[in-house]
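Presented below is the structure to which this report refers.
The values are calculated or read from the model by the stated rules, or taken from the named source; none is laboratory data. Quantities reported herein were computed from a predicted structural model and do not represent experimental measurements. Methodologically, a virtual Cβ is constructed for each residue, glycine included, from the backbone with ideal geometry; neighbour enumeration extends over all protein chains shown.
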Amino acid sequence: MKRHITLGEFIIENQKDFPYAKGELSALLSSIRLAGKMVNQEINKAGLANIIGAVGLENVQGEDQQKLDVLANDMFISTLKNRGEICGIASEEMEDFISFNESIHSDAKYVVLIDPLDGSSNIDVNVSVGTIFSIYRRVSPIGTPATLEDFLQPGNKQVAAGYLIYGTSTMLVFSTGNGVNGFTFDPGIGSFFLSHPHMRVKEGGKIYSINEGNYVHMPEGVKRYLKWCQELDPATNRPLTSRYIGSLVADFHRNLLKGGIYIYPQGTTAPKGKLRLLYECNPMALLIEQAGGKASDGKNRILDIDPSELHERVPFFCGSTEMVEMAEDFIAKFG
Ligand code: P6P
């Protein structure tokens, strides 16, 4: 009986094509796989284990930290630290990055940035959430503590990026710069299997994903684009379909599979938008470009933005190239 290959088999088969293919990135991806399994298990029993609800703390964004946010953050940090391949990690849940300086990290060549549980406000209402990760080669000397410069690199320097989506099924979707592949977790076997090889975003997407509750605060160009999406024009299959889950990973994943655009624009209440460049926009931008799509801040390619701080926010337009370019045209005309 022919079966799908596992994530482990895929990594072994393809690691020769990984950047700096010396097996370290493979080991790093394997530790992300392990941490993802552990978080998945906690999420699936959240309703029973009385870990739902805010832990009473706030993260650096001033958002209530859900207990699972904290748990997911701790799980990824400890799993990645124990593997010894990274010299440091930065997370949405932590104000500053952590440098790993034990003997097993003396040869570590990578750093990781994560949003350990994106969309966590949806946990209590049983909506899909996810983990987003971004991997860079360190720029500071090997054997020394990680520095801020290791993390403040433009997205075009990522060596790998991806997400886990904890939904009706749990999936790991990632790229090392050679296309995008999706792996579905089989809890009965405890392995991820290659279920979505060579993922490509549909050219002419018909789904737009944005929180229209913020309409009054949006730039004129975005307002005009939304009205264009909503006009009646059978020749161009309009009106388009609106879908917004409030969980970036879930909205992105649907658009990747079906075609579409996700927009979180700047606005009067969010001068630079809401999403963070380093651990939300950059990894998703790498994936969408590797799948044939586009990601910008409305004007500039996301992957070319030079970061200035760990938690900086940028406006985010991401999805089918045709849709992103249409939105960019409206912004160019109307601001
Ligand atoms: P709003 C979750 O907090 C998140 O970062 C993304 O996952 C999601 O797309 C967005 O914010 C939702 O924000 O303002 O529409 O609730």
Q | Single residue of Gly167, Gly213, Gly221 found to be outside the structural domain of Asn73 (by TED's automatic domain parsing) and buried (at least 16 other Cβ atoms within 10 Å of the Cβ) | A | Gly221
Q: For region 232-247, state whether one or more residues are exposed (fewer than 13 other Cβ atoms within 10 Å of the Cβ), small (Gly, Ala, Ser) and not assigned by TED's automatic domain parsing to the domain that holds Tyr166.
A: yes
**Q.** Residue identified as among the aliphatic types (A, V, I, L, M), surrounded by fewer than 20 Cβ atoms within 10 Å (Cβ to Cβ) and away from the ligand (no atom under 13 Å from the Cβ) among Leu257, Leu287
**A.** Leu257
Q: Being surrounded by fewer than 19 Cβ atoms within 10 Å (Cβ to Cβ) and either touching a Lys or Arg at 6+ places or on another chain (Cβ under 9 Å) or modelled with pLDDT under 85 (or both) is the filter here, so list the residues in region 16-41 that pass it.
A: Pro19, Tyr20, Ala21, Lys22, Ala27, Ser30, Leu34
Q: For Asp96, state whether it is in the same structural domain as Asn44 (by TED's automatic domain parsing), charged (D, E, K, R) and assigned to a helix (DSSP H, G or I).
A: no
Q) Among the candidates Val173, Val125, Val129, which residue alone is within 16 Å of the ligand (Cβ to nearest atom), surrounded by fewer than 19 Cβ atoms within 10 Å (Cβ to Cβ) and β-branched (Val, Ile, Thr)? A) Val125
Q. Among all residue pairs at least 6 apart or on different chains, which show Cβ distances below 8 Å where the first residue, located in region 263-277, is of a type outside the set (Phe, Trp, Tyr) and the second is in a loop (DSSP other than H, G, I, E, B) and near the ligand (Cβ under 9 Å from one of its atoms)?
A. Ile263/Ile210; Pro265/Ile210; Arg276/Glu92
Q | Single unsatisfied condition, Phe330 versus (1) farther than 28 Å from Gly62 by Cα; (2) free of Cβ contacts under 8 Å to residues at least 40 places away in the same chain | A | (2)
Q.
Every residue in region 68-93 that is more than 19 Å from the chain's Cα centre (by Cα) and either assigned to a loop (DSSP other than H, G, I, E, B) or within 16 Å of the ligand (Cβ to nearest atom) (or both), please.
A. Gly84, Glu85
Q: Mind listing whichever residues of region 105-136 are free of Cβ contacts under 8 Å to residues at least 40 places away in the same chain and in a strand (DSSP E or B)?
A: Tyr136
**Q.** Conditions (1) in contact with a Pro (Cβ under 8 Å, 6 or more places away or on another chain); (2) of a type in the set (A, V, I, L, M); (3) away from the ligand (no atom under 16 Å from the Cβ): number failed by Leu240
**A.** (1)
Q | Hits in region 298-319 - residues which are surrounded by 24 or more Cβ atoms within 10 Å (Cβ to Cβ) and away from the ligand (no atom under 14 Å from the Cβ) | A | Ile302
Q: Within region 105-122, work out how many residues are closer than 16 Å to Ser91 by Cα and more than 10 Å from the ligand (Cβ to nearest atom).
A: 6
Q) Out of curiosity, is Leu286 assigned by TED's automatic domain parsing to the domain that holds Thr236, assigned to a loop (DSSP other than H, G, I, E, B) and touching a helix residue (DSSP H, G or I) at 6+ places or on another chain (Cβ under 8 Å)? A) no
